[in-house]
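To start, the structure under review is shown below, and the notes come after it.
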């Protein structure tokens, strides 16, 4: 399950995975994010808040996630990982090879700093 919220004022989408990510989670995210992008243009950022990354519910969920990233990456200016998970701290180094967005990792206690970074020019 993913808690997803969209701040219409800042154009920041927040993903907060609560359990292993499923294909259905990704489909639901697209149903919420796609109309927002269509109506409001590109996102200022994506905020991924996960103290511990819960992984995926199988290989199909992983592939669905990769497709979502591929389909949406050109509409997102910045991605901030807010986590205590050491693996996700390396995500910016990996992601910069696959997405056009700027990507940065923040400590789980620094969510406000992550939002400030997304909103900075």
Residue within region 82-103 that is modelled with pLDDT under 85, in a helix (DSSP H, G or I), in contact with a helix residue (DSSP H, G or I) (Cβ under 9 Å, 6 or more places away or on another chain) and under 20 Å from residue 26 (Cβ atoms) present: yes
Residues of region 6-25 that turn out to be under 11 Å from the mean Cα position of the chain (by Cα) and over 15 Å from residue 76 (Cα atoms), as a count: 2
Flag for residue 34 being over 13 Å from the mean Cα position of the chain (by Cα) and within 14 Å of residue 69 (Cα to Cα): yes
Number of the condition not met by residue 54 [criteria: (1) at pLDDT 80 or above; (2) touching a strand residue (DSSP E or B) at 6+ places or on another chain (Cβ under 8 Å)]: (1)
Counted residues, region 41-67 - those being in contact (Cβ under 8 Å) with a residue 40 or more places away in the chain, crowded, with 19+ Cβ neighbours inside 10 Å and more than 24 Å from residue 113 (Cβ to Cβ): 1
Identity of the residue in region 15-40, in contact with a helix residue (DSSP H, G or I) (Cβ under 8 Å, 6 or more places away or on another chain) and closer than 20 Å to residue 119 by Cα, that ends up surrounded by the most Cβ atoms within 10 Å (Cβ to Cβ): 33
Every residue from region 57-78 that is more than 14 Å from residue 15 (Cα to Cα) and in a strand (DSSP E or B): 77
Verdict on residue 38 being at negative phi and not in a helix (DSSP H, G or I): no
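The values are calculated or read from the model by the stated rules, or taken from the named source; none is laboratory data. Keep in mind that this is a model prediction, so the values were computed, not measured. As a convention, Cβ positions derive from the backbone with ideal geometry for all residues, glycine included, and neighbour counts pool all protein chains shown.
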